[in-house]
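To start, the structure under review is shown below, and the notes come after it.
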Amino acid sequence: MREGHRFAPRTEHAFTISIDLSAPYWVKPTVRGETRAAIYAKSGKVEGPRLNGIIVPMSGGDFPLAREDGVIDFDARYLIEADDGAIIYLENRGYRWARDEQIAQKMRNNEAVSFDDYYMRVTPKFDAPAGPHEWMSKHVFVGVAEKLPGANCIHYFVVL
């Protein structure tokens, strides 16, 4: 698809979620030979032009599968409490992989790396109550994530 195609999606920044994560629990190797983790969302905040609030502490987490090819396959689920008190369920799927093995090792060691050294994208779905947040349950989103030591920061864009 060439740039400027009339069907190219337009996006708009909706909000950013910053999450503080627990220490991981590991199942390694699983019977399939891969590694599974459980990492819980200790706390977090939601800030942006279309949504503000917090991550409900310990309401869920990420259960990533570390594949043999070095790709992390995310499956995260947790709750957002909007500033108006509404509870919104978030389900996130996505992938993270490093541009080379040295960067991958730094990420495994929970060290800081440059955003340009890895790919980390998610596709969330939201279950929101009827009312001012129901737009979230009617749109497709794309998240561009930053891996920080002990945390994630995900910038969510709504596809218009």
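Just so it is clear, none of the values below were taken in a lab; they were calculated from the coordinates. Since this is a predicted model, take the numbers as computed values, not measurements.
Only Cα pairs under 8 Å and 6+ residues apart enter the sum, and on that basis the relative contact order of the chain stands at 22 percent. Among the aspartates and glutamates, which fall within straight-line cross-link reach of LYS28, defined as a Cα-Cα distance under 14 Å, with same-chain neighbours fewer than 8 residues apart omitted? Correct list for LYS28: GLU68. With 10 Å bins beginning at zero, the pair-distance distribution over Cα atoms of the stretch 64-160 amounts to 15, 43, 27, 14, 2 %. Straightening the chain between ALA37 and SER22 buys 4.3 nm, computed as 0.36 nm per residue apart minus the Cα-Cα spacing.
Total Lys pairs in the stretch 42-160 closer than 27 Å by alpha-carbon, pairs eight or more apart in sequence or interchain only? Taking the stretch 42-160 as the scope, the lysine pair count is 10. Per-residue ellipticity at 222 nm from helix content only, as computed over the chain with -39500 (n - 2.57) for each DSSP H run of at least four residues, stands at -1500 deg cm²/dmol. Cα centroids of the stretch 38-113 and the stretch 129-152: 11 Å apart.
Using the alpha carbons alone, the radius of gyration of the stretch 1-121 stands to its Kirkwood radius in an Rg to Rh ratio of 1.02.
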